[in-house]
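So the structure is just underneath, and the comments pick up after that.
The values are calculated or read from the model by the stated rules, or taken from the named source; none is laboratory data. The structure presented is a predicted model; accordingly, all values stated were derived computationally and were not measured. Here the Cβ is made from the backbone with ideal geometry for all residues, glycine too, and neighbour counts use every protein chain on show. Only protein heavy atoms, including side chains, enter the accessible area calculation; ligands, DNA and RNA are left aside. Shrake-Rupley method; radii C 1.70, N 1.55, O 1.52, S 1.80 Å.
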Amino acid sequence: MANTAPDPHDASWYRDRIDYLAGFMLPQRFETLCRVAGERTRWMTVCTENTFHPQNASAIVRTCEAFGIQDIHTVESLCPFNPNVHIVRGTDKWIDLHRHATTAEALAALRGAGYRIVATTPHSGDTPPEAFDVTASPFAVVFGTEHAGVSDEMIAASDAFIRIPMVGFVESLNVSACASILLYQLSRRLRESATTDWRLAETDRLQLIFRWLMASIRDSERILYRQFPRP
């Protein structure tokens, strides 16, 4: 079989290569990759605007990976999203990072993919995470800058607003702490839903496993092309 470029709708292309590459990995490790891929979701995604501190960027990446959120969108009009390699500890290779130069560009990408835009704000009257409807349609949770919060442009474009209720003098939390609380609660409620097909489609899941195998096996390209030579 020639190693032509994969058809994104051809699950068999991925299955053949996954079955072959799995032989170069411990069975327990391969089972872990498959199990984790089976828990991944794109029903829920995250968008961050101009996250300045590498520590916060790193914490957001680790949180998304821990709770099975496959995609992170970043707006980098003021500063790059730059996780600290010593903090992410390799978790960034398991997620997909989509960088955008402007808020408008990020909004266009998210809207084009069918996401509701859900801005995080500390204002009273906004929806707490336990009341937000996670099943209505796919949604993107937006986190703003460490100091100014979500931009006016993003707020104007948002379909809903969500907040973490607090009873102390503090009005808002650090962006990474906010992300951890919200993403845990929202992802848990999504997985408990009996009506929402939140998991990846089969071909998307197989594509992810294939990518992870290629990234995990030493000399994976040489090994793969020995079995599936280029045309």
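Here are the numbers for the structure shown:
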read-out: Nitroxide proxy distance, nm - points 7 Å out along Cα→Cβ at Cys79 and Thr135; value: 4.0 nm
read-out: Debye, to nearest 20: dipole size of the chain, +1 on Lys, Arg Cβ, -1 on Asp, Glu Cβ; value: 860 debye
read-out: From the coordinates shown, Kirkwood radius over Cα pairs in Å corresponds to which of [x] 21.3; [y] 19.0; [z] 17.9; value: [y]
read-out: Most fluctuating residue given options Ile181, Ile209, Ile117, as computed from a GNM of the chain linking Cα atoms under 10 Å; value: Ile181
read-out: Heavy-atom SASA rank of Arg116, Arg226 (probe 1.4 Å, accessible area, largest first); value: Arg226, Arg116
read-out: Heavy-atom accessible area ranking, 1.4 Å probe, most first, across Glu49, Glu221; value: Glu221, Glu49
read-out: Cα gyration tensor shape for the stretch 127-173, rounded if a/c is under 1.5, else prolate or oblate; value: oblate
read-out: Where chymotrypsin sites (Phe, Trp or Tyr not before Pro) fall in DSSP loop in the stretch 85-190, at most 10 other Cβ within 10 Å; value: Phe169
read-out: Contact order relative to length of the chain, as percent, for alpha carbon pairs under 8 angstrom and 6 or more apart; value: 29 percent
read-out: Dipole moment magnitude, nearest 20 debye, the stretch 103-161 about Cα centre, only Lys, Arg, Asp, Glu C-beta charged; value: 160 debye
read-out: Farthest toward positive dipole pole in the chain [+1 Lys/Arg, -1 Asp/Glu at C-beta], among His100, Ala194, Ala22; value: Ala22
read-out: Segment Ala108-Val167, length gained on full extension (0.36 nm per residue, minus Cα span); value: 17.6 nm
read-out: Listed residue (Phe52, Tyr225, Ala136) projecting farthest to the positive dipole end of the chain, Cβ model; value: Tyr225
read-out: Packing rank of 211-220, 13-22, where each peptide gets the mean count of other beta carbons within 10 Å, highest leading; value: 13-22, 211-220
read-out: Pairwise label distance in nanometres, Ala177 with Ala201, each label 7 Å out on the Cα-Cβ vector; value: 4.1 nm
read-out: Spatial separation of Cα centroids for the stretch 112-152 and the stretch 167-208, in angstrom; value: 12 Å
read-out: Choice from Ser187, Ser77, Ser58 with maximal GNM fluctuation in the chain (Cα, 10 Å cutoff); value: Ser77
